[in-house]
There are 4 protein chains.
Amino acid sequence: MNGTPLRSLRREVLAANLRIPEAGLATLTWGNVSGVDREAGVFVIKPSGVSYADLTEEDLVVVALDDGRVVEGSLRPSTDTETHRCLYLAFPSIGGVTHTHSTHAVAFAQARRPIPVLGTTHADTFNGPVPVTEDLTPEQCAKDYEFNTGQVIVQMLRSDPRRAEEVPGALVSRHGPFTWGPTATASLENAVVCEAVAEMALHTLALGARLGDTSDPPPHLLERHYTRKHGPDAYYGNADAVPAV
Amino acid sequence: MNGTPLRSLRREVLAANLRIPEAGLATLTWGNVSGVDREAGVFVIKPSGVSYADLTEEDLVVVALDDGRVVEGSLRPSTDTETHRCLYLAFPSIGGVTHTHSTHAVAFAQARRPIPVLGTTHADTFNGPVPVTEDLTPEQCAKDYEFNTGQVIVQMLRSDPRRAEEVPGALVSRHGPFTWGPTATASLENAVVCEAVAEMALHTLALGARLGDTSDPPPHLLERHYTRKHGPDAYYGNADAVPAV
Amino acid sequence: MNGTPLRSLRREVLAANLRIPEAGLATLTWGNVSGVDREAGVFVIKPSGVSYADLTEEDLVVVALDDGRVVEGSLRPSTDTETHRCLYLAFPSIGGVTHTHSTHAVAFAQARRPIPVLGTTHADTFNGPVPVTEDLTPEQCAKDYEFNTGQVIVQMLRSDPRRAEEVPGALVSRHGPFTWGPTATASLENAVVCEAVAEMALHTLALGARLGDTSDPPPHLLERHYTRKHGPDAYYGNADAVPAV
Amino acid sequence: MNGTPLRSLRREVLAANLRIPEAGLATLTWGNVSGVDREAGVFVIKPSGVSYADLTEEDLVVVALDDGRVVEGSLRPSTDTETHRCLYLAFPSIGGVTHTHSTHAVAFAQARRPIPVLGTTHADTFNGPVPVTEDLTPEQCAKDYEFNTGQVIVQMLRSDPRRAEEVPGALVSRHGPFTWGPTATASLENAVVCEAVAEMALHTLALGARLGDTSDPPPHLLERHYTRKHGPDAYYGNADAVPAV
C-alpha cells in the first residue's frame with residue numbers, strides 16, 4: 001500500500017468531517033465522512049463517538065473494502081462503517097460517502113417522503129427527488145444491521161443504476177440521509193445541499209405549493225440546471241472547483 | 001468531605017453549564033446543570049441569575065442532598081435547585097441533571113404533547129417517547145413549588161422505574177425539559193438530544209407523518225438503535241467516549 | 001446637567017444596543033435601545049442608520065424629554081426617537097425602551113395576534129399576553145407618525161396602568177415589538193424574552209395547542225412564576241443580577 | 001478605462017460578496033454580487049464556483065456591458081453573469097445586482113407566490129409585493145438561458161417601469177431572488193431584506209393572517225414607511241448611511 005495517497009486522503013477526509021459541524025449538519029458527534037482509495041482497497045473513516053473538536057488525522061480509521069477489517073488505527077471506526085462499505089461495493093464510481101442526521105433531511109426521512117424537486121437549487125445537484133428507502137425488516141435489523149442499511153439503498157436504486165450518479169444521495173427510512181460523490185469532499189457538499197433543499201422544500205410545502213394550486217417545475221428548466229453543472233456540456237465553476245458527481 | 005472529588009465535579013459542572021449557550025439551548029440565563037457526589041452527600045449547581053459569560057468555578061453552589069441547605073458558596077443557588085434535589089433523591093442511579101428552556105422542547109411541553117419516537121435519532125438516546133407530566137395543582141404551586149416540579153416527574157415515572165434509565169428526560173407541563181444521566185455531562189448531552197429530536201419531530205409532524213398516511217417506526221429498528229449504544233451489547237463509541245445513560 | 005451619570009448611561013445604552021445583533025434580534029440596523037436620565041430630563045438613544053459594528057458612545061444622541069430636541073450629538077437620532085419619548089412621558093416608572101424587528105415577534109404583530117401566555121417562560125417575564133395595538137389611522141400616520149406609534153400603545157394600556165409594569169412590552173400592529181423596563185438593559189432583555197416566547201408560541205400553536213384539545217395554563221402556575229421573579233416575594237437571581245421590571 | 005474607479009468598485013464588490021455568507025444568505029458558493037461602472041461600460045462580478053473564504057479582489061471578473069465578453073480576469077465569471085448584464089441594460093438607474101438562493105425567498109419562488117406586504121419591515125424597503133416571474137419557456141431555457149432569466153424579470157416589470165425602482169427585487173419562478181440598487185452594497189442589503197421579510201411573511205401566514213380573519217395593512221401606514229426612507233422627504237439615516245434605492 002502506497003503511503004502518500006493515503007496521507008492525502010486522510011487530510012481530505014479529516015477536512016470533510018470538520019465541515020460537518022461548520023455547516024450545521026450535526027448535533028454532538030452525529031455525522032461521518034469517508035473517502036476510498038480503490039487501488040489500495042481501503043477507505044478512511046471517522047472513528048466512532050469522537051467529537052469533531054478533538055479529531056485528528058491519526059484518529060481516522062483505515063478499513064479494508066473487501067471484508068471491513070480495520071487495517072490502520074487504534075480506535076473503533078464509526079458504527080456506520082459497514083453502510084459506507086456497502087455503498088462503495090455497490091457503486092464503483094463513487095469516491096466518498098457522508099452520513100449525517102441533519103434536521104430537515106431527517107424530517108423527510110422520518111415522514112417517509114422523498115425530497116421533491118421544487119426548484120433549481122435542487123436540480124443543480126440532484127437530477128430527481130432524493131428517494132426514501134423501505135423500512136428494514138426484522139431480519140435486516142437482527143444481523144448485519146449497518147451493512148443492510150446500505151443494502152436498502154442499493155436495492156432501491158438497482159432498477160436504475162444511472163440514478164446513483166445523477167441523484168447522489170438517499171434517505172434511509174426513519175433514519176436520515178446518506179450522500180456520496182466522486183470524492184469525500186463532494187459527498188460532504190452533497191450532504192450540505194441535501195439539507196438545504198430539504199429545508200427549502202419544507203417551507204415551500206408549508207406555503208401550499210402542493211395543495212393543488214401549483215404545477216411541478218417544467219422539465220426543461222430542471223434539465224438546464226442539472227446539465228450546466230454536470231456532464232460534457234457543464235459550464236459552471238472554474239478549473240480548481242470541486243468536481244461534481 | 002474530600003475536597004478533590006468536589007474540585008473535579010465543580011470543573012465538570014462548570015463545563016457542562018457553559019455548553020448550554022454553546023449548544024443554543026438557552027436565552028439569557030435560562031438553563032442550569034448540576035452534578036452530584038453521593039458519597040459526600042452534596043451536589044454542585046449553577047447560581048441563580050448569573051450569566052454564562054461570567055460564571056466561574058467559585059460561583060458554583062454546593063447543596064446538601066438531604067435537606068437542600070447551602071454547604072459552600074456565597075451566591076444563591078438556581079431557583080430550580082429543589083427540582084434537581086428531588087430527582088437525585090428519587091433516582092439513585094443518576095449523577096447529573098440539566099434543565100433548559102430550549103425552544104422546541106418547550107413547544108412540546110407547552111402543547112402538552114410527549115415528544116414521539118419518529119426515528120433512529122430519538123431511539124439512539126431515548127427508548128420511548130419523552131413524556132409530559134400532569135399540571136401541578138394549586139397546592140403543589142403554593143408550597144415547595146420547585147420540589148413539587150420534580151415530584152410530578154417522579155410520580156409519572158413511578159409505575160415503571162426502569163423508564164427513568166431508558167428515557168433520561170421528561171417535559172414538565174407548560175414549562176420545559178428536565179434531563180438526567182450518570183454524569184453532569186451526560187445530562188447536558190441528553191438535553192442537547194432532547195432539543196434536537198423535538199425540532200426534528202416538529203418538522204416531521206408538519207410534513208404530515210401523523211396525518212394518517214404513515215405508520216409508526218418498526219420496534220425492531222428502534223430497539224436496534226437503542227441497544228447498539230446502551231447496555232451489555234453496545235458497540236457505539238470508543239473507550240474515552242462520554243458514557244451514555 | 002451632571003456629566004457623570006450621563007457618561008454611565010451612555011455606556012449602558014451602547015452596551016444594550018450592541019446586544020441587539022448579538023442576540024439575533026436585528027437585521028442590518030433595525031433596532032434601537034434608549035435609556036433615560038429623568039433628573040436631567042434627557043434620554044440617550046442610538047443614531048439613525050448607523051451599523052452596530054461602527055457604533056461608539058460618541059455617536060449616541062442625547063434628546064430632551066420635554067420637546068424632543070437634540071441636546072448633544074452630531075448625528076440624527078433614531079427615526080423611532082419620538083416613540084421612545086412618548087413611552088417615557090406616559091410611563092414614569094420606566095428607565096429604558098427597546099425597539100426591534102425581531103422575526104417572530106414581528107410575525108405576531110403582522111398577524112395582529114397578541115403573543116399568548118402558553119407557559120412559564122412567558123410568565124417569568126410577562127404577567128399576561130403581549131398585546132397588539134390598533135392600526136394607526138390615516139391622521140396618525142400623516143402627522144407626528146412616530147410619536148403616534150407610541151400613543152397607540154399608551155391608549156391601549158390606559159385602562160389598566162398596572163399592565164405596563166407587569167407586561168413590559170407591546171406589539172404595534174403590522175410593525176413590531178416595543179419593550180421597556182426600569183433600565184435600558186432591562187428593556188433590551190425584555191426584547192430578548194419577547195422574541196423567544198414569540199418563537200416558542202409559534203411552534204406551540206403549530207403543534208395544535210390551540211386546536212381545541214388543550215386547556216390554557218392554570219393561573220396558579222403562571223402567578224407562581226411571575227411572583228418568584230418580581231415583587232416583594234421574589235427569590236430569583238443574586239444581588240448583582242439585572243433588576244427585573 | 002480609468003483604473004481608479006474600478007479599483008474602488010472591485011473593493012466594494014468584494015466586500016458585498018463577503019457579506020453574503022456573513023448574512024446567512026448562501027450555502028456553499030450560491031450567491032453573487034456585481035457592481036457596474038457605466039462610464040467605463042463594464043461591471044465587476046464574482047467568479048464562478050469560488051468559495052467566499054478564498055475570494056480576493058484579483059479573482060473578480062470584469063465584464064463588458066454591451067456584449068458580455070470578459071475584459072479583465074483569468075477566471076470564468078459567475079454563471080449568472082448574463083442575468084446581471086440583462087438587468088443592467090434594462091434598468092439604467094441601477095448600479096448593483098445581487099443573486100442568492102436564500103432559504104425563505106427561494107421557498108416563495110418555489111411556491112410561485114409573491115412575497116406579500118404584511119408590515120412595515122417590508123414597506124421600509126419594497127413599495128409593494130416582491131413579484132414572481134412566469135416560468136421560462138422551453139425556448140428560453142434552450143438558448144441564452146441566463147440572459148433570458150433576466151428577461152422574464154424585465155418583461156414582468158415592463159408595464160410599470162417605476163416599479164423596478166420602488167420594488168428593487170423579484171423572484172424568478174422555481175429559482176430564487178434577484179435584487180438590485182444604486183450600488184453593489186445597496187443591492188446586497190436589499191437581498192438581506194428580501195430574505196428577512198420572506199421569513200417574517202412565512203411565519204405570519206402560518207399564524208393565519210391570510211385565513212380570512214385579517215385585513216391587509218392600511219396603505220397610509222405602508223406609504224409612510226416607504227417615504228420616510230426614500231424620495232425627497234426621507235428622514236431616515238445619517239449623511240454617511242448607505243443610499244437606498
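Residues of region A:96-124 that are open to solvent by 10 Å² or more (accessible area, probe 1.4 Å) and under 12 Å from the mean Cα position of the chain (by Cα): A:H101 alone.
Name the helices (runs of 4 or more DSSP H) wholly within region D:151-237 that hold at least 2 residues that are within 14 Å of the chain's Cα centre (by Cα) and within 29 Å of A:H122 (Cα to Cα)?
Values: elements: D:163-166, D:184-206, D:219-229.
Those helices (runs of 4 or more DSSP H) span D:184-206.
Here is a check on your reading of the model: is C:T120 in contact (Cβ under 8 Å) with a residue 24 or more places away in the chain, more than 12 Å from chain D (Cβ to nearest Cβ) and polar (S, T, N, Q)? Taking the combined requirement at face value, the residue satisfies it.
Report the residue count in region B:131-146 for those that are within 22 Å of B:S187 (Cα to Cα) and either within 14 Å of chain C (Cβ to nearest Cβ) or in a helix (DSSP H, G or I) (or both). First the steps, then the outcome.
First, pick out the residues of region B:131-146 that are within 22 Å of B:S187 (Cα to Cα): B:131-133, B:146.
Those still in the list that are either within 14 Å of chain C (Cβ to nearest Cβ) or in a helix (DSSP H, G or I) (or both) too: B:132-133, B:146.
Here the count works out to 3.
Residues of region C:15-35 that are open to solvent by 20 Å² or more (accessible area, probe 1.4 Å) and more than 14 Å from chain D (Cβ to nearest Cβ): C:A15, C:L18, C:R19, C:E22, C:A23.
Being among the polar types (S, T, N, Q) and open to solvent by less than 40 Å² (accessible area, probe 1.4 Å) is the filter; apply it to region D:141-158 and report the residue that is farthest from C:H99 (Cα to Cα). Looking at the filtered set, the residue picked out is D:N148. Going residue by residue through region B:161-172, is there one that turns out to be within 16 Å of B:S93 (Cα to Cα), in contact with a helix residue (DSSP H, G or I) (Cβ under 6 Å, 6 or more places away or on another chain) and without any contact (Cβ under 8 Å) to a residue 40 or more places away in the chain? Yes, region B:161-172 has at least one match. Say whether the condition of being on the phi > 0 side of the Ramachandran plot, at pLDDT 95 or above and within 11 Å of chain A (Cβ to nearest Cβ) is met by at least one residue in region D:148-170. No, region D:148-170 has no match at all. For region B:178-194, the criterion of a residue being away from chain A (no Cβ under 14 Å), open to solvent by 10 Å² or more (accessible area, probe 1.4 Å) and in contact with a Gly (Cβ under 9 Å, 6 or more places away or on another chain) is satisfied by at least one position. Annotation: D:A142 fulfils all but one of (1) modelled with pLDDT of 95 or more; (2) of a type outside the set (F, W, Y); (3) over 16 Å from the mean Cα position of the chain (by Cα); the unmet one is (1). Among the residues of region C:89-102, the one identified as in a helix (DSSP H, G or I) and more than 18 Å from C:T133 (Cα to Cα) is C:L89. In this structure, does D:T83 turn out to be within 30 Å of D:M200 (Cα to Cα), at the interface with another protein chain (Cβ under 10 Å from one of its Cβ atoms) and either outside any strand (DSSP E or B) or in contact with a Phe, Trp or Tyr (Cβ under 7 Å, 6 or more places away or on another chain) (or both)? Considered against the rule, which asks whether it is within 30 Å of D:M200 (Cα to Cα), at the interface with another protein chain (Cβ under 10 Å from one of its Cβ atoms) and either outside any strand (DSSP E or B) or in contact with a Phe, Trp or Tyr (Cβ under 7 Å, 6 or more places away or on another chain) (or both), D:T83 comes out as no. No other residue among B:T27, B:T56 is within 23 Å of C:G237 (Cβ to Cβ) and out of contact with any helix residue (DSSP H, G or I) (no Cβ under 6 Å at 6 or more places or on another chain) apart from B:T56.
Would it be correct to say that C:V50 is β-branched (V, I, T) and away from every other protein chain (no Cβ under 11 Å)?
In short, no.
For region A:36-47, residues that are assigned to a loop (DSSP other than H, G, I, E, B) and either modelled with pLDDT under 95 or within 14 Å of chain B (Cβ to nearest Cβ) (or both) total 1. Residues in region A:48-63 that are within 20 Å of A:Y145 (Cβ to Cβ) and either part of a loop (DSSP other than H, G, I, E, B) or of a type outside the set (A, V, I, L, M, F, W, C) (or both): 2 in all. For the structure I just gave you, tell me whether C:V42 is of a type in the set (V, I, T) and over 20 Å from D:T125 (Cβ atoms). For C:V42, the condition - of a type in the set (V, I, T) and over 20 Å from D:T125 (Cβ atoms) - is met. As for region D:64-80, it holds at least one residue that is in a strand (DSSP E or B), crowded, with 24+ Cβ neighbours inside 10 Å and more than 15 Å from the chain's Cα centre (by Cα). Among the conditions (1) touching a Phe, Trp or Tyr at 6+ places or on another chain (Cβ under 9 Å); (2) facing another protein chain (nearest Cβ under 9 Å), A:H104 misses just one, which is (1).
The condition (being open to solvent by 20 Å² or more (accessible area, probe 1.4 Å) and in contact with a Pro (Cβ under 9 Å, 6 or more places away or on another chain)) is satisfied by just one residue among A:P161, A:P138: A:P138.
The values are calculated or read from the model by the stated rules, or taken from the named source; none is laboratory data. Everything numeric in this text was worked out from a predicted model, so none of it was measured. Every residue, glycine among them, receives a Cβ derived from its backbone with ideal geometry; neighbour counts consider all protein chains shown. Just so you know, the surface numbers come from the protein's heavy atoms only, side chains and all, with ligands and any DNA or RNA stripped out. Shrake-Rupley method; radii C 1.70, N 1.55, O 1.52, S 1.80 Å.
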